[in-house]
1. Calculate how steeply helix B:68-87 sits against the longest principal axis of the alpha-carbon atoms of chain B, using the helix alpha-carbon long axis, and give the answer as 0 to 90 degrees to the nearest 10.
2. Quick one: what do you get for the protein assembly as shown if you divide its Cα Rg by 2.2 N^0.38 Å?
3. Which longest run of chain A has no exposed loop site in it, a site being GluC sites (Glu not before Pro) in a DSSP loop with at most 11 other beta carbons within 10 Å, and the site itself not part of the run?
4. Please name whichever of B:Phe161, A:Gly100, A:Ala54 sits farthest to the positive end of the charge dipole of the protein assembly as shown, dipole taken about the Cα centre and charges placed at Cβ: Lys and Arg +1, Asp and Glu -1.
5. Where does the charge balance sit around B:Pro234 when Lys and Arg score +1, Asp and Glu -1, over other residues with C-beta under 10 Å from its C-beta?
6. How many nm is it between the label spots at B:Leu156 and B:Thr34, if each spot is 7 Å from the Cα in line with the beta carbon?
7. Once you charge only the Cβ atoms, +1 for Lys and Arg and -1 for Asp and Glu, what is the size of the charge dipole of chain B about its Cα centre, to the nearest 20 debye?
8. Ordered by residue, what ³J(HN,Hα) values in Hz, to whole numbers, does segment A:78-90 give under the Karplus form 6.51 cos²θ - 1.76 cosθ + 1.60, where θ = phi - 60° and Gly and Pro are x?
Amino acid sequence: MPWGPSALKNLSDIQVPERPRKKPELVGEEMEGMDEVIYVDTETGSNYSLNIIAATVLELCDGTRTSADIAAIIVSNLNADSERVHNDTQAILEEFAAYGLIRA
Amino acid sequence: MWHRNFRVGNVGVTVDSTFTSCTAILEPLCRLYTDSADPSLLHFRVEPHDDRIRLSVDNETLWQGTDAGEIAAGFEVHLYQRLLAALLPDCLSLHAGCVELGGQACLFAAASGAGKSSLTTAAVLDGANYLSDEFALLGSDGRISPFPRPLQWGKLRHPAFRHTQMLAGGRLSKALFRFPDRYGRTVTTLLWLPTMIRHAPLPLGIVVLPQYMRRAPTSEMAPIRRGEALMELPRHLHHRLPPEIMLQELNRRIPATTRFYRLQFSDARIAWRTIRDLPETTT
């Protein structure tokens, strides 16, 4: 994801949809063995590099799941600390919303 | 009549000329490519038509004129255009210089002015076999096919190399032709013809994303992630394809073992030596 002062909005102003849906124009390409997925926005031609966890969160954004639902799936699969995963998932979704990768 | 059959990637090309003055220019251009007895997909002809010289491909007239240099310039432009279209989907063409390094292909992929021709020239003068200064043909097997067109740049003088340096050692020879532009002014085209050419495909070993900067250190190179390079490489493809297709094709074709570097440099010769002397690439 292209970080930079001009690219980042104030995350506190970002509204994460209750049941986020991945922007349909995003097409992912996994970098084999690299724990990285490159997404191309076929509408704008922009590229986004996500680590495998962030990519998993994005793919789980199907318009039916809440942030808590998504976090619960990741907790169950990774056997990770629940509170931390919930916080991280919310932070990732805020970034996705800031970059327009998810919609209501 | 002069006749030449050659191959670029998977595409066979035939060129016939009945004009000695045109042949004198076309022959050194075509000599760089790999001889082939395969059937031709593209058949260029230079022949008389009324009182003019006609350039055609597969009987479609491409250019007519009276000046041999003008016809040769037209041939070069149309050869590259037709080849790029014919090479798909077997080969993707990246806007990149390419030389042989340690038995593998080493690419310099960049926009015009970023220094890929300077790096390619430095490599050739240092003894590397030449594949291309503009078109790196990436096959579905992860190998780069040669497209050894003459090295050329807009100006007669190269900003980094003197003519005497380029001719010393016999790695390059030069050819020159002139033709009138649309306003009747004489345009001089200087072509540098490498003498050490790689004629068979090579696995893609190294991709360098160079940027010439006048005030940069002489050479500063750092490895980058495959993903970072793949986000950048689609913009260097010659083909207009959907962005997701470009990314997918590059990711599938570029071998998992390929290494990627970003390079800033102000001295092409030192920059090339930095690449050449990478520990993993020395043989």
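1. That helix lies at roughly 50 degrees to the long axis.
2. On the way: Rg = 25.3 Å, N = 387, 2.2 N^0.38 = 21.2 Å.
Ratio of Cα Rg to 2.2 N^0.38 Å: 1.20.
3. After excluding every exposed loop site, the longest remaining stretch is A:33-104.
4. Ranked along the dipole, the leading option is B:Phe161.
5. -2
6. Once both label points are built, they end up 3.6 nm from each other.
7. 900
8. 9, 6, 9, 5, 5, 4, 5, 5, 4, 5, 5, 4, 4
The values are calculated or read from the model by the stated rules, or taken from the named source; none is laboratory data. Owing to the predicted nature of the structure, the values given are computational and were not obtained by experimental measurement. Positions of Cβ are generated from backbone atoms using ideal geometry, with glycine treated the same way; all protein chains shown enter the neighbour counts. What goes into the accessible areas is simple: the full protein's heavy atoms, side chains included, and nothing from ligands, DNA or RNA. Shrake-Rupley method; radii C 1.70, N 1.55, O 1.52, S 1.80 Å.
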